[in-house]
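What follows draws every value from the coordinates through simple rules; no lab data is involved. Just so we're clear, the structure is a prediction, and the values are computed from it rather than from any experiment. Cβ sites come from the backbone with ideal geometry, for glycine too, and all protein chains shown count toward neighbours.
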Amino acid sequence: MNSTLPAEFLWGAATSPHQIEGNNIASDWWALENGDHPVVPERSGDGVDSYHRYPEDMALLAGAGLNAYRFGIEWARIEPERGQVSRAALAHYRRMIDTALESGLTPVLTLHHFTGPRWFAGLGGWTNMHAVGHFARFVSTVSPILGDVPWICTINEPNMVATMAGAQRAVPDAEAVRAFATGALPDPDPEAARILVEAHHIATEILKAETDAAVGWSVAQQSFVAAPGCEDQLAQANRLWEDPYLEAARDDDFIGTQAYTSRLVGPDGPIPHPEDPGNTLTGWAYRPDALGIAIRHAWQVTGGTPILVTENGIATDDDARRIAYTGAALDHLRQTIAEGIDVRGYLHWSALDNYEWGHWRPTFGLIGVDRATFARSPKPSLAWLGQVARANTLPTAEYWENQPC
Ligand code: BGC
């Protein structure tokens, strides 16, 4: 059965500052990408110059029919040196919020999306016991420009941030970043996990006092499923990778679900994606059902915190495949709503083809970008998603299968 959604359902696309803005030179990632011995194959450089071209990006999203845009505030621009606040950067992000509102896009703001100031990383990043205080100061600094922002995500994918922190503790920065860029990740660091949860809770307190926003954070979900007889290993994998971060959101206004693919858990834990010609450009299995698995898991572990899909998408250079994947994922979303789960919106990753943490090749965007001229080329998937947004109905899978491409 088709499912008509509430009028305030968010239909949008998502980005992060470092992946699109360009020249994020005071950040820890910039330091790792540049210098005499860059540790990732490709640099972010000018990004896709969205720092300057955000009005055009937002106009394309709104013009297609979307009603929301998730973007981030870059801490390294707000506080490029410890304790030194850039008023110009604050004004820039306030202009972005105003532009979104004027374009009819509900802004969903992320305050930390993997990158931070270089000075923060120099102090040990999220493994330093003073990290909470530094982050709280940053949140207090930005909260005056966030008063009328309806949705704020404090930290993106704290479980991946804890994984990076674990890698950094075990090996030099360069090796940790290489591991992140190749997907060969160690387990999340438990101490960093504790610090991140505390930082999230303190940030939430500040934001609830200073703004009218619904506040939450977003978790990277692997949509683990058990191989036959491996239910205990499945529970263990969820315990290690997702559940502490979902449990920390029990009292939040929302939990951000981020799912791309599903992984099998065998006798020795999560199994790497087997090589397959159908895998996406990031090497992940093509699994649109991952979204439904992730939503149900988040709903169950949080005990019913409202869900906002803050990321879902596919790295492909075949836009028809992006539409097929997203249509199928939306059908799984429809089923979770039919089961009674409170889902508040769907934000596709990503608005633009962007810098995928060390690589430019995996393209997730609804909008292509010429990296020499920065010219934007909306793909058919943008018009397609905009049409779904305008209808504000989740049709069944059969409907999408019968649509002409
Ligand atoms: C991150 C994004 C990333 C996307 C695709 C998520 O883990 O939040 O920054 O580009 O997945 O890999």
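Results for (1) more than 14 Å from A121 (Cβ to Cβ); (2) touching a helix residue (DSSP H, G or I) at 6+ places or on another chain (Cβ under 7 Å), shown as yes or no for each residue.
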residue: W30; (1), (2): no, no
residue: V39; (1), (2): no, yes
residue: S44; (1), (2): yes, yes
residue: E56; (1), (2): yes, no
residue: G65; (1), (2): yes, yes
The correct count of residues that are crowded, with 16+ Cβ neighbours inside 10 Å, away from the ligand (no atom under 16 Å from the Cβ) and without any contact (Cβ under 8 Å) to a residue 40 or more places away in the chain in segment 267-293 is 1
In segment 184-219, what residues are surrounded by fewer than 22 Cβ atoms within 10 Å (Cβ to Cβ) and more than 27 Å from T141 (Cα to Cα)? A184, L185, P186, D187, P190
What about E247, is it closer than 18 Å to V161 by Cβ, of a type in the set (D, E), buried (at least 22 other Cβ atoms within 10 Å of the Cβ) and in contact (Cβ under 8 Å) with a residue 40 or more places away in the chain? no
Here are some residues: A328, A375, A389, A383. Which one is more than 16 Å from the ligand (Cβ to nearest atom), of a type in the set (A, V, I, L, M, F, W, C) and more than 24 Å from P107 (Cα to Cα)? A328
Can you tell me which residue among G147, G133 is surrounded by fewer than 21 Cβ atoms within 10 Å (Cβ to Cβ) and assigned to a loop (DSSP other than H, G, I, E, B)? G147
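Here's the yes/no breakdown for (1) more than 18 Å from the chain's Cα centre (by Cα); (2) crowded, with 21+ Cβ neighbours inside 10 Å:
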position	(1), (2)
L66	no, yes
R70	no, yes
S86	yes, no
L109	no, yes
W126	yes, yes
